[in-house]
Structures are given as C-alpha cells and as structure tokens.
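Below: the structure, in structure tokens.
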Amino acid sequence: MVFHDIKQNPITQKELEEMQQLSGSYEALFSKKAILYKTMDLKNKVLTEDDFKNLILEHYTFLSRPVFIIDNKIYIGNSQQNMLQVMKQFSGQ
C-alpha cells in the first residue's frame, strides 16, 4: 500500500487521469463539500468535466477524499459503505 499525501505532494495530471479512467468521470472525484466550492459559488455555475479536472489539479481540497485504488478498482470518499468495502479488500474477503 502506498500513501500519497496530496496536501504535501500534489496530485499529477497523469494520476488524476488514471483515477478518472477508473471512476468514469472527474465529477465523481470532485468534492462539493470543499469550502472553496462554496466560496467560489461553484454550485451556481455549470461545470464541465474539464472544469472539474482543472479545479482538482488547482487545489487538493476539490478531490473527494480518501481515494483508495485496490486491484484496479477505485473507492472514493468516506461513506460507511465505501469504508466497509475498503476494509473487506484489505482483509482479503
């Protein structure tokens, strides 16, 4: 397992593109809970996939966290069901 602290070491475009391939969209990786989302009034704007991608690359808080990639499957966010799936993967079930 590799831990990547995106606050100290920002995500690269290539890494983000790989996550997008697994998740199906940049919007799936985008956090609408980020404070900047509210301060920039993004909820009142129509955002494209390119917008989501660029915003994530500009500031780490726009990436929904945590993100786990296990056996080419991506788990995004900390919902209870998501974390249970991650724990199952780590325990080998």
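The values are calculated or read from the model by the stated rules, or taken from the named source; none is laboratory data. Everything numeric here is computed off the predicted structure, so don't read it as measured data. Cβ atoms come from the backbone with ideal geometry, glycine included; neighbour counts cover every protein chain shown. What goes into the accessible areas is simple: the full protein's heavy atoms, side chains included, and nothing from ligands, DNA or RNA. Shrake-Rupley method; radii C 1.70, N 1.55, O 1.52, S 1.80 Å.
Using DSSP loop states and a limit of at most 16 other Cβ atoms within 10 Å to flag trypsin sites (Lys or Arg not before Pro), what is the longest stretch of the chain containing no flagged site? Longest gap between qualifying sites, sites excluded: 46-93. With 0.36 nm allotted per residue and the present C-alpha distance subtracted, the Gln89-Lys73 stretch has 4.7 nm of extension available. Of Thr39, Thr48, the order by accessible heavy-atom surface (1.4 Å probe, DNA, RNA and ligands excluded), from most exposed downward, is Thr39, Thr48. A crude spin-label estimate for the pair Phe3 and Val46, with each label 7 Å from Cα along the Cβ direction, gives 4.3 nm.
Across Met19, Met40, Met87, the residue with the most accessible area heads the list, and the full order at a 1.4 Å probe is Met87, Met40, Met19.
Over the chain, what is the mean sequence separation of C-alpha contacts under 8 Å (at least six apart), divided by residue count, expressed as relative contact order in percent?
Working: 73 pairs, mean separation 25.2, N = 93.
Reported relative contact order: 27 percent.
Computed extension gain for Lys33 through Arg65, at 0.36 nm per residue and net of the alpha carbon distance, reaches 10.5 nm. At the residue level, Asp50 shows approximately 100 square angstrom of accessible surface with a 1.4 angstrom probe and all protein chains present. Pairs spanning more than 19 Å between alpha-carbon atoms, out of Lys33/Lys53; Lys45/Lys73; Lys7/Lys73: Lys45/Lys73; Lys7/Lys73. Using only Cα atoms and rounding to the nearest 10 degrees, what angle (0 to 90) does helix 49-58 make with the longest principal axis of the chain? It works out to around 80 degrees.
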